[in-house]
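A.B. asks: Handing you a structure now.
The values are calculated or read from the model by the stated rules, or taken from the named source; none is laboratory data. Since the structure is predicted, the reported quantities are computational estimates derived from the model, not experimental observations. FYI the Cβ positions are ideal-geometry reconstructions off the backbone, even for glycines, and counts take in every protein chain you see. Ligands, DNA and RNA are stripped out before the accessible areas are found, and what is left, the full protein with its side chains, is counted by its heavy atoms. Shrake-Rupley method; radii C 1.70, N 1.55, O 1.52, S 1.80 Å.
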Amino acid sequence: MSDHQNGLQEDPQWLELKLPHLLYTDTVQGLHATIQSEWDSLRRSACQTAAGRALWKHVIHDPFADLLAGETCLKSFHEKIKNDRLKNARETSGVILAVRTLWFDSKIEAALSSFNGEGQVVLLGAGMDARAYRLSCLKESDVFEVDFPEVLEVKTTLLKAATEPIDGHLHPIITAKSLNRVAADIRNNDWLEKLQKSGFVPEKNTVWVLEGILYYLSHSHAMQVLRIIADKCALARTVLLADFMNKPSTTLANSIFHFYSDWPDHLLPSLGFSHVRLSQLGDPDAHFGLMNDPLNLFNKLRSLPRSVQTHPDDGTPCCRLYLVEASGLPSQSNQ
């Protein structure tokens, strides 16, 4: 198996981890010490996602990922990648995250292009996402990041530390038209109200980004969030981008994961979305040259009907991750 099939470069620098000096400043070290000691697994997952993006920098350009991930997460993630590479594993740690990130990036750009003008982008459970600083397609869009107050506070302080009187810049330069951080728990009933108070306009075309968040929610909370977004189809062009786990996938993380849907392309139309497109990892729009190995776990699963819960060859659970794009228009929702 070649490095290309495994999603790796010909000669990537996996075996040596180079950490930026900024990670060792007192401010940054103190913030990440707080994260490790006080945050629960859901909140810490934001840093793990950033670590994955930082370590797959040969395909993802995220200049703040190292800083937002922190030393502990970077070292832990790097060790997993190094071990996978030494074992010549078919699924290198982080490849799913890399594909997922690139898929969301490409779909956000396509959705905004289809709006033919200004749009809004709402990142629910934004965590340590830095898209507002790195995606040029956001230049005419108002971006809203919704997450726990402590997550957004730490993120803001970290980004400020990144650019305090360095090269003459006092603040990170965002590529989005505007960036609004909304401190809210999407499991509560008040997050939409808080979003609107922050400047969100329900009547404007909107891309809703739910990356790596739905399966952390209970079934009732996840359905509530999806219904709220679906209701916006009656007001403006609405695009939902989300990843869904199937039921076997929720068994992998000691009950950290809860919500699942084996058929999100059936679920979302029942809520009011008129168009739904589902992709599995390895599909033409969901591999980005990183999942070409035919014996990769996800390529093997793609050939099996989705109704199959255990693999017929070895009896292992068929763990799938669906990347889903759904949309709706006012005229369609009123028909």
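A.B. asks: Order Y260, Y24 by their accessible area, 1.4 angstrom probe, all chains in place, largest first.
C.D. replies: My answer, sorted largest first, is Y24, Y260.
A.B. asks: For the chain, with a Gaussian network of springs between Cα atoms less than 10 Å apart, report the residue from D185, D313, D84 with the top mean-square fluctuation.
C.D. replies: Among D185, D313, D84, the largest GNM mean-square fluctuation belongs to D313.
A.B. asks: Leaving ligands, DNA and RNA out of it, rank W263, W56 by accessible area with a 1.4 Å probe, largest first.
C.D. replies: W263, W56
A.B. asks: Here's another thing I want to ask about it. Loop by DSSP (not H, G, I, E, B), at most 11 other beta-carbon atoms within 10 Å: where is the longest site-free stretch of the chain for trypsin sites (Lys or Arg not before Pro)?
C.D. replies: Result for the longest clean stretch: 140-335.
A.B. asks: How big is the equivalent ellipsoid of the range 206-335 along its three axes, where each semi-axis is √(5λ) from the Cα gyration tensor, reported in whole Å from largest to smallest?
C.D. replies: Working from the Cα gyration tensor, I get semi-axes of 28, 17, 12 Å.
A.B. asks: Please list, or write none, the lysines whose alpha carbon is within less than 27 Å of the alpha carbon of K160, excluding same-chain residues fewer than 8 places away.
C.D. replies: Within the straight-line limit of under 27 Å, K160 reaches these lysines: K18, K57, K75, K139, K177, K194, K197.
A.B. asks: Here is a follow-up. With a 1.4 Å probe and all protein chains left in place, how much accessible area per residue does the range 27-73 have, in Å²?
C.D. replies: On a per-residue basis, 38 Å².
A.B. asks: Here's another thing I want to ask about it. Any chance you could look up the accessible area of H21 with a 1.4 Å probe, heavy atoms only, rounded to 10 Å²?
C.D. replies: Estimated to the nearest 10 Å², H21 gives 150 Å².
A.B. asks: Three principal axis extents, largest first, for the C-alpha atoms of the range 116-217, in Å?
C.D. replies: Sorted from largest, the Cα extents of the range 116-217 read 42, 35, 25 Å.
A.B. asks: Of the chain, which part is the longest with no GluC sites (Glu not before Pro) in a loop (DSSP not H, G, I, E, B) and with at most 15 other C-beta atoms within 10 angstrom?
C.D. replies: Answer from the scan: 204-335.
A.B. asks: Still on this structure, please answer the following. List the relative contact order of the chain as a percent without decimals, with contacts defined as Cα pairs under 8 Å and 6+ residues apart.
C.D. replies: 17 percent
A.B. asks: I'd like the distance separating the alpha-carbon centroids of the range 201-276 and the range 118-141, in whole Å.
C.D. replies: Computed from Cα coordinates, the inter-centre distance equals 18 Å.
A.B. asks: Here's another thing I want to ask about it. Please identify, among Q36, Q120, Q280, the residue showing maximal mean-square fluctuation in a Gaussian network model of the chain using a 10 angstrom Cα cutoff.
C.D. replies: So, out of Q36, Q120, Q280, the one fluctuating most is Q36.
A.B. asks: Between T310, Q280, H58, whose Cα lies farthest towards the positive end of the dipole of the chain when Lys and Arg beta carbons carry +1 and Asp and Glu beta carbons carry -1, centred on the Cα centre?
C.D. replies: T310
A.B. asks: Also, quick follow-up: Which of L240, L112, L42 ends up with the largest GNM mean-square fluctuation for the chain, with Cα atoms connected below 10 Å?
C.D. replies: L42
A.B. asks: In deg cm²/dmol, rounded to 500, what helix-only [θ] at 222 nm does the chain give when every DSSP H run of at least 4 residues adds -39500 (n - 2.57) and the total is split over its residues?
C.D. replies: The helix contribution divided over the chain gives -11500 deg cm²/dmol.
A.B. asks: For the range 7-151, how big is the tail of P(r) above 25 Å, as a whole percent of Cα pairs?
C.D. replies: For the range 7-151, the fraction of Cα-Cα distances above 25 Å is 33 percent.
A.B. asks: Here's another thing I want to ask about it. Report in % the part of the accessible area of the chain that belongs to carbon and sulfur, leaving out ligands and nucleic acids; probe 1.4 Å.
C.D. replies: So the carbon and sulfur contribution to the accessible surface is 49 percent.
A.B. asks: I've got another one for you. Rounded if a/c is under 1.5, else prolate if a/b is larger than b/c, else oblate: which is the chain, with a ≥ b ≥ c the root eigenvalues of its Cα gyration tensor?
C.D. replies: Here the chain falls in the oblate category.
A.B. asks: While we're looking at this one, here's another question. Just to confirm, what accessible area per residue do you get for the range 144-271 at 1.4 Å probe, in whole Å²?
C.D. replies: Ligands and nucleic acids excluded, the result is 44 Å² per residue.
A.B. asks: May I ask you to work out the translational diffusion coefficient for the range 225-265 at 37 °C, viscosity 0.692 mPa s, via Stokes-Einstein with Rh from the Kirkwood sum over Cα pairs, reported in whole µm²/s?
C.D. replies: Rounded, D is 274 µm²/s.
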